Amino acid sequence: FRCSGVEGKDVVQLLKDAIQRRGDYKVDVIAIVNDTVGTMMSCGYKDHSCEVGFIVGTGTNVCYMEEMGNVEAVEGDEGTMCINIEWGGFGDDGTLNDIVTEYDSQVDQTSRVPGRQRFGEHLNETLEELAPGCQIKFLVSEDGSGKGTAIVTAVAQRLATQRKHINEILTPFLMSHEKLKVVQSRLHNEMEIGLHKQTQPGATVKMLPTYVRATPDGTEVGEFIALDLGGTNFRVLCVNVGLKNEGGVQMKSKTFTLPTEVIQGTGEGLFDHIVDCITEFQKENGLLGKKLPLGFTFSFPCKQTSLDQNHDFRVVALVNDTVGTMMSCGYDDTACEIGLIVGTGTNACYMEEMRNVEVLEGGEGRMCINMEWGAFGDNGCLDDIATSFDNDVDTFSINPGRQR
């Protein structure tokens with residue numbers, strides 16, 4: 001080709017512009033295909049094992065299916081992708097100058113683009129020498145690359161239709177920056193309601209004081225039992241906290257599954273199950289008869305019960321899972337002052353200035369606040385962004401209308 005204004009340009013846009021200039025029909029360009037790819041796809045329609053496309057014509061080129069793990073230019077390492085080699089440019093950097101002939105030089109000098117795509121003929125000869133020693137089955141693309149291009153287009157159209165359907169589903173979930181700022185403002189307002197003494201009783205974001213007044217400073221030591229009650233599992237840990245320069249924290253733990261009949265049963269049944277798990281952990285780790293401080297972490301509202309009855313444990317702390325997360329990370333990084341849970345549910349805690357916590361007396365220092373932000377929107381302040389999926393999940397949940 002000798003057309004100006006084409007090479008290096010967006011050929012799809014050029015085609016769309018030409019269609020628009022004509023103005024008497026509509027065509028949606030959904031695929032741009034190199035001729036080698038079209039050839040491979042055309043032959044691959046007849047033989048699914050075909051994974052190489054080879055062009056020998058005015059020029060020469062090849063494509064092949066490459067493992068994604070080797071294609072560093074594209075993210076992702078699963079599956080395969082067709083690679084257009086553009087091997088006509090092989091040698092343009094001078095690496096083949098030692099085998100160039102006078103004839104090659106004349107062909108190059110009289111070509112439209114001297115110095116580029118010079119060694120197509122050499123590649124043809126090389127392939128002819130190499131091919132007999134390779135396990136290769138040649139398929140002739142009788143229709144050239146046209147059929148393959150149509151096949152690629154058909155696949156692209158199917159994927160485009162699927163993507164359009166997916167986008168229609170996902171559109172309600174897309175939040176503009178402006179909308180996110182609105183949600184941010186609403187959350188801040190709900191936080192203020194939860195912190196103020198007069199409005200806290202009616203707050204949906206409860207902003208509960210945890211009475212945790214400081215994050216770890218690295219001097220904490222001792223042996224403790226920790227209970228972690230989550231949405232579907234219960235974990236018992238024996239934690240030995242030492243000075244950081246003496247090895248830091250060492251843990252032994254065991255995770256117990258919470259059966260559905262326990263999760264959805266009575267509170268008495270839940271805590272009986274918890275005590276059974278603690279006893280099993282004690283026996284397995286030689287802790288029977290050893291009196292240790294115990295901390296209880298939970299991820300939902302519940303009342304503390306006398307777990308220390310008939311056990312050599314002293315319950316000294318009742319901790320929300322967000323607080324436990326913040327304190328755990330705070331041991332490694334003293335700048336950590338926020339705990340965030342994203343699991344069966346979601347919640348957050350943070351260190352707040354006491355002067356802003358009106359529900360408690362005293363305005364000095366700071367305290368960790370358990371936001372309970374899972375209830376954010378239960379008062380209807382987020383109804384304008386709720387989707388049909390949100391409503392369905394809420395309707396069929398255990399507690400419709402709560403923690404939506």
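Rank the residues SER397, SER388 as a footprinting-exposure proxy: fewest other Cβ atoms within 10 Å of their Cβ go first.
Result, fewest neighbours first: SER388, SER397.
With r as the distance between the Cβ atoms of GLU75 and GLU102 and R0 = 45 Å, compute the FRET efficiency 1/(1 + (r/R0)^6) and round to 0.05. All intermediate terms of the calculation are to be shown ahead of the outcome.
Values: r = 47 Å, r/R0 = 1.04.
It comes out at approximately 0.45.
Within 10 Å of each residue's Cβ, count the other Cβ atoms and sort GLU280, GLU372 from fewest upward. Don't skip to the end; give the middle numbers.
Working: GLU280 13, GLU372 22.
The most exposed by this proxy come first: GLU280, GLU372.
Taking 0.36 nm per residue of sequence separation and subtracting the Cα-Cα distance, how much length would be gained by fully extending the chain between ILE85 and GLU280, in nm to one decimal?
That pair, ILE85 and GLU280, stretches by 63.9 nm at full extension.
Compute the separation of the alpha-carbon centres of region 371-404 and region 162-227 and state it in Å as a whole number.
If you average the Cα positions of each part, the centres end up 14 Å apart.
Any read-out appearing in this document is the output of simple, stated calculations on the displayed coordinates, not a laboratory observation. All values derive from a computational prediction rather than experimental measurement. Note that we place each Cβ from the backbone using ideal geometry, even for glycine, and neighbour counts take in every protein chain shown.
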